[in-house]
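J.: Dumping the structure here so I can ask a few things about it.
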Amino acid sequence: MDLLKSSKRRSLLSELIYVALNLALALALLVVVRAIESPLPAIALVILSKWRVFAVRPRYWMAHIKANLVDFIVSLGFVVLLYAATDAFILQIALTALYAAWLLFVKPRSKRLFVTIQAGAALFIGVTALSIVSYGWPSSVVVALMWVIGYATARHVLGSYDEPHSSFYSLLWGLVVAELGWLTYHWTVAYAIPGFGGVMLSQAALIILGIGFVAERSYDSYHRHQEVRVQEVMLPALLSGSIILVMVFFFNSAAHNLF
């Protein structure tokens with residue numbers, strides 16, 4: 001009985017330490033960005049926080065890096081958004097709260113719904129952050145990073161289905177995202193939101209997220225029925241298509257050209 005009580009106390013203590021460390025990371029990133037007014041130290045802190053990825057034999061590093069790519073993309077994207085919101089302190093507080101929620105409630109979950117949410121968050125945040133910082137970068141670098149974002153998010157989702165061809169499909173989705181990244185690089189627009197400082201809503205991120213949503217729903221339908229049932233993907237396709245058409249044809253006049 002004493003052993004069970006001791007085990008419960010250790011479990012509770014470890015949970016409290018886990019929560020405290022994650023909250024400390026989110027707050028530390030906010031403090032570093034505001035104090036130094038540069039994203040680089042915060043990015044270094046994010047990399048240091050992932051030390052467990054390399055706390056194994058070198059031959060396992062690549063597998064651990066792939067498994068943690070989605071979290072890494074979200075974390076780096078959060079730093080970029082935090083820095084872009086330098087003139088909007090309330091938004092920085094909100095972003096910090098959202099990142100803490102990611103670390104504590106979204107990232108640890110392994111159910112398929114949460115896995116899909118994790119991948120969607122990485123896709124949207126990653127492309128948005130990349131759109132904000134890459135306006136002066138070579139197109140080849142932007143396309144390569146877009147491919148990484150696409151590959152990581154597809155691999156993350158397909159891992160929850162035990163898909164035997166997950167590597168091929170992940171590479172294929174990475175290629176699709178890279179192609180979209182190349183197209184949007186030459187015509188990237190973003191929507192300014194009052195009170196959001198330098199954080200703008202990237203049109204490319206919204207378009208790619210919409211296409212990704214339809215792709216995920218189509219794959220889920222195929223996985224369950226061995227065919228893509230139109231009635232299961234019609235609503236996601238109409239919703240995503242409508243949002244994309246409205247953005248392209250009606251809101252471009254209110255958007256800012258980033259490149």
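We did not get these values from a lab; they are worked out from the coordinates using the rules stated. This is a predicted model, so every value here is computed, not measured. Every residue, glycine as well, gets a Cβ built from its backbone with ideal geometry; the counts of neighbours run over all protein chains shown.
J.: Pull out a ≥ b ≥ c, the square roots of the eigenvalues of the alpha-carbon gyration tensor of segment 5-98, then state rounded if a/c is under 1.5, prolate if not and a/b is larger than b/c, and oblate in the remaining case.
T.: Oblate.
J.: How much length is gained if the chain between Lys111 and Leu183 is pulled fully straight, taking 0.36 nm per residue apart and subtracting their Cα-Cα distance, in nm to one decimal?
T.: Roughly 22.5 nm would be gained on extension.
J.: Shifting gears a bit: Within 10 Å of each residue's Cβ, count the other Cβ atoms and sort Thr153, Thr188, Thr96 from fewest upward. Please list the in-between numbers first.
T.: On the way: Thr153 31, Thr188 23, Thr96 20.
Going from least to most buried by this count: Thr96, Thr188, Thr153.
J.: Rounded, prolate or oblate: which fits segment 38-196 when a ≥ b ≥ c are the square roots of the eigenvalues of the alpha-carbon gyration tensor, with rounded for a/c under 1.5 and prolate only if a/b beats b/c?
T.: Note, shape of segment 38-196 comes out oblate.
J.: Using amide H atoms built 1.01 Å from N in the peptide plane, name the residues 5+ places from Val189, or on other chains, whose amide H lies under 5 Å from its own.
T.: It is Gln203, Ala204, Leu258, by chain and number.
J.: Taking the chain, how many lysine pairs are there with alpha carbons less than 23 Å apart, if each pair must be eight or more places apart or span two chains?
T.: Values: Lys50/Lys66; Lys50/Lys107; Lys50/Lys111; Lys66/Lys107; Lys66/Lys111.
The result is 5.
J.: Moving to a separate point now. Give the order of His64, His156 when sorted by the count of other beta carbons within 10 angstrom, beginning with the fewest. Intermediate results must be reported in sequence, preceding the final value.
T.: On the way: His64 15, His156 24.
Placing the least packed residue first, the sequence is His64, His156.
J.: Can you give the relative contact order of the chain as a percent, counting alpha carbon pairs under 8 Å and 6+ residues apart?
T.: Result for the chain is 17 percent.
J.: If we count other beta carbons within 10 Å of each Cβ, what is the order of Lys111, Lys66, fewest first?
T.: Values: Lys111 9, Lys66 17.
By the 10 Å Cβ count, ascending: Lys111, Lys66.
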